[in-house]
1. Here is a list: Gln229, Gln283. Which entry is under 28 Å from Ser38 (Cβ atoms), modelled with pLDDT under 90 and open to solvent by 90 Å² or more (accessible area, probe 1.4 Å)?
2. Output the qualifying pairs, or none if there are none: Cβ atoms under 8 angstrom, residues six or more apart or on different chains, first residue in the stretch 203-220 and over 15 Å from Leu15 (Cβ atoms), second residue part of a loop (DSSP other than H, G, I, E, B) and among the β-branched types (Val, Ile, Thr).
3. What are the residue pairs meeting all of these: first residue in the stretch 424-439, first residue on the phi > 0 side of the Ramachandran plot and among the hydrophobic types (A, V, I, L, M, F, W, C), second residue open to solvent by 70 Å² or more (accessible area, probe 1.4 Å) and assigned to a loop (DSSP other than H, G, I, E, B), Cβ atoms under 9 Å, and 6 or more apart or on different chains?
4. Among the residues in the stretch 283-302, are any of a type in the set (Val, Ile, Thr), touching a helix residue (DSSP H, G or I) at 6+ places or on another chain (Cβ under 9 Å) and more than 30 Å from Phe184 (Cα to Cα)?
5. With the requirement that a residue be loosely packed, with under 12 Cβ neighbours inside 10 Å and of a type in the set (Gly, Ala, Ser), what does the stretch 126-138 give you?
6. Quick one: which helices (runs of 4 or more DSSP H) sit completely within the stretch 41-158 and have at least 2 residues that are at pLDDT 90 or above and within 17 Å of the chain's Cα centre (by Cα)?
7. Condition first: in a helix (DSSP H, G or I) and basic (Lys, Arg). Now tell me which residues in the stretch 216-236 satisfy that.
8. Being touching a strand residue (DSSP E or B) at 6+ places or on another chain (Cβ under 8 Å) and closer than 27 Å to Glu435 by Cα is the filter here, so list the residues in the stretch 380-410 that pass it.
Amino acid sequence: KYSKTVAFEDINYQLAQADDKTAIFENWCDFLNYFDASVSVQLSFINQGARKEKAQAAIEIPAQDDAFNSIRREYADMLKNQLEKGNNGLEKCKYITFSIEADNLAAAKARLSRIETDVLNNFKVLGVTARPMNGQERLNVLHGIFHPEGEPFHFSWDWLVPSGLTTKDFIAPSSFRFGDGRTFRMGRKLGAVSFLEILAPELNDRMLSDILDLENGIIVNLHIRSIDQSEAIKTIKRKITDLDKMKIEEQKKAVRSGYDMDIIPSDLATFGGEAKRLLQDLQTRNERLFLVTILIMNTATNRQKLENAVFQTAAIAQKYNCALKRLDFQQEEGLMSSLPIGVNQVEIERGLTTSSTAVFVPFTTQELFQGGEALYGLNALSNNMIMVDRKQLKNPNGLILGTPGSGKSFSAKREMTNAFLITEDDIIVCDPEAEYFPLVQKLGGQVIRI
């Protein structure tokens, strides 16, 4: 079995207009339909905490040899407060891993690179930025899952031969313990893996994003296995034949007992209708059948926090009429299936059509956090800071538009202050309303009256 991983970014889905949402959803359905029965796909969403330092370093304003360090401190404190409101400290990564079976490495390489090219092209259609990952990056991701505390990853391919170690030695945590059936211990952290049982008659596209919005470290994995189209249709036709046979038996019984033969058990009527609808979907509506396993892994420092995290996740599942069930005595298999290596050891699968699988849309909202230059407000959906360095953009010019009194001048002043405190740039203001001179005087600038 050989696999490859592609990391992909977010796009604006939840805040998009209805038409854009539909277009993204349809393209995502086509994306899933691309994978045939020989390719198994795994979507991994990894939210890891303990990365606050990175975000704080990005907004740090170093002191300089001038009279304005007190303003710098005040500005930095304001940025820190904004950082606390969002979850910029959570590093959210999204990966898609596809795996195939092949006789040798050469055959696998050729096929995987072909699939990779198609996957990247499909992402391009969706407007999603994606990049393939090399071996070292994949090891780094595995190391991150096994070390949720956030220890740094030290590794080089050159170290393997002289040390006699394997790659596993560099990513393994200090210890594993799968002692009781409901939790496991990994280094200093406790963890629990659960699977999502889909009971809802209708699924909602907000469900996955709500689970991923939780503030704690959570790892969600979708294992998707496509069933060969003709095989799926044959299976459903067989089921319909079985149901029809049972229906005839019931009708015979009704005639013998002398009551109306239209009275048949409600289960038979329901399942018969459902099976025929499913067959129609597969034959006429460009749908395919997938076997899906959804696994959710929570980690925490102690048992109480872990139970709270699992309860919080279960509450979201409950809201969408699904159930979160703990993998009793399968925690080790659950943990191994939560790694982005394309291996599913949990045999709990649910058959879903393309559009039902695509309802778990992996996109919520695009984040902009370049660090350094200027703060442009908060993301309406995630409350995260929007930080942009305009000099890095294709076009660094800007316009500030808004209704009177909505804070246009204030945001211009804030951006000027930002540029003044952080950069060495010159700032020139043409100001017919004379509303900027208090700021210029405060920062020791020159005012020329014309």
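The values are calculated or read from the model by the stated rules, or taken from the named source; none is laboratory data. Everything quoted here is computed from the prediction, not taken from an experiment. Backbone-built Cβ (ideal geometry, glycine too); neighbour counts: all protein chains shown. Areas reflect the complete protein model, heavy atoms only, side chains present, ligands, DNA and RNA absent. Shrake-Rupley method; radii C 1.70, N 1.55, O 1.52, S 1.80 Å.
1. Step by step, each of Gln229, Gln283 is checked, and only Gln283 is under 28 Å from Ser38 (Cβ atoms), modelled with pLDDT under 90 and open to solvent by 90 Å² or more (accessible area, probe 1.4 Å).
2. Pairs that qualify, where the first residue is over 15 Å from Leu15 (Cβ atoms) and the partner is part of a loop (DSSP other than H, G, I, E, B) and among the β-branched types (Val, Ile, Thr), are Leu203/Val359; Asn204/Val359; Met207/Val359; Leu208/Val361; Leu212/Thr364.
3. Ala434/Arg449
4. For the stretch 283-302, residues of a type in the set (Val, Ile, Thr), touching a helix residue (DSSP H, G or I) at 6+ places or on another chain (Cβ under 9 Å) and more than 30 Å from Phe184 (Cα to Cα): absent.
5. Selection gives Gly135 alone.
6. Once the helices (runs of 4 or more DSSP H) in the stretch 41-158 are filtered for at least 2 residues that are at pLDDT 90 or above and within 17 Å of the chain's Cα centre (by Cα), what remains is 105-126, 135-146.
7. Lys234
8. Within the stretch 380-410, Ile386, Met387, Val388, Asp389, Arg390 qualify.
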